[in-house]
Amino acid sequence: MKDFFRQSMAWLHTWSGLVPGWILYFVFLTGTLAYFDTEIDRWMKPEMPPARFDLPAALLVEVAQQRLVAQAPEAQRWFVGLPLDRNQPYLRLFWETADGERGNELLDPATRAPYAARETGGGQLLYRMHWNLHYLPRDLAWWLVGAATLGMFVALITGIVIHVKIFKDFFTFRPAKGQRSWLDAHNVLSVSALPFHLMITFTGLLFMASTYMPLIVAAQYGTSKEGQRRFVQEMFGATRETPAAGVAQPGVALAQLLASAEARWGGGMVDSIEVINPGDANARVIIHHGGDGGVLRSGESLTFHGASGGLLDTRAAVTSTPKAVRDVLLGLHEGLFAGPLLRWIYVFSGLAGTAMIATGLVLWVVKRRQRAAKSGVGGRGLALVERINIGTVIGLPVAIGAYFWANRLLPAELPGRGDWEVHAMFLTWLALLAHAALRPVAHAWTEQFAIATLIFALLPLLNVLTTDRHLLRSLPAGDWIFAGFDLAMLAIAAGFFWGLCRLPRRIAATPASDVPEPLAELRS
Amino acid sequence: MAMLLIFGLVLTGLVALAIAMPRHQRQLLPARPPLTVALALACRIGGALLLLFSLLVALRALGGGIGAVAWFGLLTVAIALLALLFAYAPRKVLAITVIALLAALAAIWVGWAA
Amino acid sequence: MARRTARTMPADRWRVASRLLAALAGGYLLANVAAILLARLLVWMSVSRADGVLIAVMLSFLVYTGAVLWAFAVRSATRAWTGLLVPALGCAVLAWLLGEGAAS
């Protein structure tokens, strides 16, 4: 019967959403911030000069090669990332040795040395936490995030199934009506950005597909490492696996190979260069095209022999339709192609998703409290969820604010200051969870909204006191990374202030009389 | 510029769909009696056509991939905007829609042909 | 209208746990064997090995999600299990019959 189906889907929706809810909130919030990862990076390193995209690639490549030869002559792999746009604002070097040692630098082409900037995880760390979490072993984190993502996908599909009045309620939001309002908000946030939510969740699973579904690969390639490697090679090309000959041979100048690539593609199209086995007789140089600016993540690449400079292989951007489909899907998730306006729309959608999760968590508590008030059965579960909700929905953003505060306050010479910034973030989160556990619920909400308002409103002021790239300078100078960040902090503070004024009453004290039978809206 | 045009069309299309919904028709046109079935259907078809047209504009002006992404994104923003307006300032909806549509037409005249 | 509480649906804790296990474990099993079968079918139809695996992996998540919904939508926990395990067995047998297929 239809009724059983709807009820069971509603049940599944509630639990597949609630159980992973806080992890999903964390993933969505850090993921949304990740759309501005390099902007956050730059705000957190005010010593860096503004990014410039007008330097000739040949110069940058020559500077990079000189530095890599000096710093990592024995490396197994070099990587040079060229600044083309906001996705890679500075010349980036990376290397990896045979024993797994890695190095990472942002190189100043003027001084031919790394920029002198404070050590920080920056926005990149927030981005990576989005799927790696923090403090947890990598595999455990991936498993948790994957399970949560599957829960999210189930919650989305069941949500669509049970939302009976999806078209009638398309634009419906009725504020100040207790549980009804929370449900309306949850619905509008879900439905308006539904294409985004479905895409981001499904593609999230896709990123780690071979981790979550290893058996499917194994059934075709065997369970050995060799088999897995063959799969990767068939998908991405075999060049990275080229074994070193063990014979030293000077490589051709990368700038020369760059010139070949630019002759073929035109100037300004190379976005990165990889060198496999540098300085070896079997060296390979892979030059990557930056793509045509569209959604497809991959571009053409050229493989040269590192010692002789001969062109060995050309790999098209599209090698097969299924791979192209995968690349487009992953490209949609990452949004690297997005210009400023589209990027803000991505952030808007991400925030809608974050708020969808938050309103869902609050809605569960509000409904349960209704039921508890009527039936007299309270539940420690209710109290637990309620407290963690406060400490996470408000506490996590505050913790990220604390991350930014720590970035400005921790001294530059502090060893491991990058790690300490993150510790500050998680310690703050812990403190707010504790606060939420100890204070009466209504007070907890109010106080945390107030803390959130302050921590973000005062951040631009802190910026004035600790750097010279603050609003009073950045606005007239047109320094939009810094001005934009500070203004965004003020806007966030305003948002929390609005929350402070309007919400604590509505969350903590739901009038017993106003709300209809919990499932009535699901039945109509 | 293209984004402005697409947004204006999307918003207008959504408002047309909203007018065909009794709850919102009462908010937007309080003086009028409920729309006849034929008129409501016309609004729905008109709204749907506007949305379809805006999608075609997006695909044409921005290319296939980016155009589709931009269209979905602008749709999201427009729906959220309308939900807020209907909740807090329903009488401003029509005025804002007209402004958005004018801005969209201005966008054509200013930039698109270039 | 009957008042609904969390306790009337699904009726009792063990049955919920059973459905949950069916959904998560049985669903994972079905998703994998169905995908393995699909990959082998595609290779048999001359799709390259890597492509076959890619398509199968992408679709496996949809199968998994569908299986989770199935496990809770059907009338009984037993039906949840049989509805997942029987097709899984069928897919496994077919996949085994097809064999690994030609190398790419």
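Bear in mind that the values in this text are calculations on the coordinates, not laboratory data. Everything quoted here is computed from the prediction, not taken from an experiment. Positions of Cβ are generated from backbone atoms using ideal geometry, with glycine treated the same way; all protein chains shown enter the neighbour counts.
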Can you put A:L471, C:L30 in order of Cβ neighbours within 10 angstrom, beginning with the fewest?
A:L471, C:L30
Angle check, please: helix A:380-393 long axis (alpha carbons) against the longest principal axis of chain A (alpha carbons), in degrees 0 to 90, nearest 10.
50
What does the convex hull of the Cα atoms of the protein assembly as shown come to per residue, in Å³, rounded to a whole number?
193
Per the C-alpha gyration tensor (a ≥ b ≥ c, the square roots of its eigenvalues), segment A:229-277 is rounded if a/c is under 1.5, else prolate if a/b beats b/c, else oblate; here it's oblate
Residue-wise, which Karplus ³J(HN,Hα) couplings in Hz belong to segment C:14-23, taking 6.51 cos²θ - 1.76 cosθ + 1.60, θ = phi - 60°, and x for glycine or proline?
5, 5, 4, 4, 5, 4, 4, 5, 4, 4
How much FRET efficiency would the formula 1/(1 + (r/R0)^6) give for C:M45 and A:S375, where r is the Cβ-Cβ distance and R0 is 60 Å, rounded to 0.05?
0.55
For A:R118, distant residues with modelled amide H under 5 Å away:
A:E47
With N set to the residue count of chain B, report its C-alpha Rg divided by 2.2 N^0.38 Å to two decimal places.
1.09
Segment A:15-24 - phi-based ³J(HN,Hα) in whole Hz, Karplus 6.51/-1.76/1.60, Gly and Pro as x:
7, 5, x, 6, 4, x, x, 6, 4, 5
Mind pulling the angle between the C-alpha long axis of helix A:225-236 and the longest principal axis of chain A? Nearest 10 degrees, somewhere in 0 to 90.
90
For the charge dipole of segment A:314-439, defined by +1 on Lys and Arg C-beta atoms and -1 on Asp and Glu C-beta atoms about the Cα centroid, which residue among A:T428, A:A317, A:P415 has the Cα displaced farthest towards the positive pole?
A:T428
Sequence of A:H423, A:H13, A:H305 once ranked by neighbouring C-beta atoms within 10 Å, starting from the fewest:
A:H423, A:H305, A:H13
In whole percents, the bins of 10 Å from zero upward hold the Cα-Cα pairs of segment C:31-104 as 22, 43, 25, 9, 1
Quick calc of log₁₀ I(q)/I(0), segment A:266-362, Debye, one scatterer on every Cα, no solvent, q values 0.18 1/Å, result -0.91
Computed magnitude of the charge dipole of segment A:279-333 (debye, nearest 20; Cβ of K, R +1, Cβ of D, E -1):
160
Given the pairs A:K2/A:K323; A:K45/A:K225; A:K165/B:K92; A:K168/B:K92, which span a C-alpha to C-alpha distance of over 31 angstrom in this model?
A:K2/A:K323; A:K45/A:K225
Let me see the P(r) profile for segment A:291-346: every Cα-Cα distance counted, bins of 10 Å, each bin given as a percent of all pairs.
23, 37, 25, 13, 2
Using a simple charge model, +1 on the beta-carbon of Lys and Arg, -1 on the beta-carbon of Asp and Glu, nothing else, what dipole does the protein assembly as shown show about its Cα centre, in debye to the nearest 20?
3840
